[in-house]
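K.L.:
Before I ask anything, here is the structure I am working with.
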Amino acid sequence: MAEIRHNVVIKATPEKIYQAITTQEGLANWWAKQTTAKPDVGFVNTFTFGTFRNEMKVILLNPNKKVEWKCINSIEEWMDTNISFDLEEKEGRTLLRFTHSGWRAVTDTFAGCTYDWGRFMTSLKSFCETGAGTPA
C-alpha cells in the first residue's frame, strides 16, 4: 500500500500544533473552512470543500504527541485510508510527521493529493507560526 508523507519543522509548541489539528477552529484555519470537528476519540470530523466531503473518524488522540483519523466517507480512493500527525519537540521547534496511508494504488488522484497535502502542510505551518493559514 502506498502512503503520502511530509515532514515539516514548525516554530511552535506541540501544544499549539495539537490544537490546530484537533479543534474545529484550528482545522478551519488551515485545511477546510467548512469543518465540523471535536477532539474526541470516536467523533466523526467532517470537512467540506465545495461539493467534496470527507468524513474522518478520530481513532487516536495522544495529546501533544499524535493524532490519527480513519477515512469513513469520501471519494473511493480515500476510503479506509488513515491520516496521522506525529509531533516531536526538537530544540524549541516541533517536527510534524504527516502520513496519509493505506492507498491501494499510486494513481493520478494520489499524485494530486500529494501536492495538495504539501500545500496544506504549508498552510498549517503558517497558521501555527503567524496565525494565518490558507484553508480551502
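The values are calculated or read from the model by the stated rules, or taken from the named source; none is laboratory data. Here the structure is a predicted model, which is why all the values come from computation and not from measurement. Neighbour counts are summed over all protein chains in view; Cβ atoms, including those assigned to glycine, are modelled from backbone coordinates with ideal geometry.
K.L.:
Yes or no: region 71-90 includes at least one residue that is free of Cβ contacts under 8 Å to residues at least 12 places away in the same chain and more than 20 Å from S123 (Cβ to Cβ).
P.N.:
Checked against the condition, which is being free of Cβ contacts under 8 Å to residues at least 12 places away in the same chain and more than 20 Å from S123 (Cβ to Cβ), region 71-90 yields at least one hit.
K.L.:
So R119 ticks every box in (1) on the phi > 0 side of the Ramachandran plot; (2) part of a helix (DSSP H, G or I) but one. Which box is left unticked?
P.N.:
Only one criterion in (1) on the phi > 0 side of the Ramachandran plot; (2) part of a helix (DSSP H, G or I) is unmet by R119, namely (1).
Here is a yes/no grid of residues against (1) charged (D, E, K, R); (2) modelled with pLDDT of 95 or more; (3) under 24 Å from G42 (Cα atoms):
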{"residue": "L87", "(1), (2), (3)": "no, yes, yes"}
{"residue": "K90", "(1), (2), (3)": "yes, no, no"}
{"residue": "W103", "(1), (2), (3)": "no, yes, yes"}
{"residue": "D108", "(1), (2), (3)": "yes, yes, no"}
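K.L.:
Then there's this: Within region 96-109, which residues are surrounded by fewer than 18 Cβ atoms within 10 Å (Cβ to Cβ) and either out of contact with any Asp or Glu (no Cβ under 7 Å at 6 or more places or on another chain) or charged (D, E, K, R) (or both)?
P.N.:
R97, R104, A105, V106, D108
K.L.:
Further question on the same structure: (1) touching a residue at least 24 places away in the same chain (Cβ under 8 Å); (2) within 23 Å of F110 (Cβ to Cβ): which one isn't true of T48, the others all being true?
P.N.:
Among (1) touching a residue at least 24 places away in the same chain (Cβ under 8 Å); (2) within 23 Å of F110 (Cβ to Cβ), the lone unmet condition for T48 is (1).
K.L.:
What are the residue pairs meeting all of these: first residue in region 13-25, first residue touching a residue at least 40 places away in the same chain (Cβ under 8 Å) and farther than 14 Å from N45 by Cα, second residue in a helix (DSSP H, G or I) and among the hydrophobic types (A, V, I, L, M, F, W, C), Cβ atoms under 7 Å, and 6 or more apart or on different chains?
P.N.:
Listed by first residue and then by second, the contacts come to K16/C128; I17/C128.
K.L.:
When region 119-130 is examined, which residues are found to be free of Cβ contacts under 8 Å to residues at least 60 places away in the same chain and over 13 Å from the mean Cα position of the chain (by Cα)?
P.N.:
Selection gives T130 alone.
K.L.:
Would you confirm whether any residue within region 47-58 is modelled with pLDDT of 95 or more, crowded, with 16+ Cβ neighbours inside 10 Å, in a strand (DSSP E or B) and in contact with an Asp or Glu (Cβ under 7 Å, 6 or more places away or on another chain)?
P.N.:
yes
K.L.:
Determine which member of the set D40, D116, D108 is acidic (D, E) and under 13 Å from the mean Cα position of the chain (by Cα).
P.N.:
D116
K.L.:
What number goes with the only condition from (1) out of contact with any helix residue (DSSP H, G or I) (no Cβ under 7 Å at 6 or more places or on another chain); (2) surrounded by 20 or more Cβ atoms within 10 Å (Cβ to Cβ); (3) part of a helix (DSSP H, G or I) that A32 does not pass?
P.N.:
Answer for A32: the failing condition is (3).
K.L.:
Give A12, A37 a once-over and let me know the one that is under 15 Å from S123 (Cβ atoms) and surrounded by 13 or more Cβ atoms within 10 Å (Cβ to Cβ).
P.N.:
Exactly one of A12, A37 is under 15 Å from S123 (Cβ atoms) and surrounded by 13 or more Cβ atoms within 10 Å (Cβ to Cβ), namely A12.
K.L.:
Every residue in region 68-95 that is assigned to a loop (DSSP other than H, G, I, E, B) and surrounded by fewer than 19 Cβ atoms within 10 Å (Cβ to Cβ), please.
P.N.:
Answer for region 68-95, where residues must be assigned to a loop (DSSP other than H, G, I, E, B) and surrounded by fewer than 19 Cβ atoms within 10 Å (Cβ to Cβ): S74, I75, M79, D80, E91, G92.
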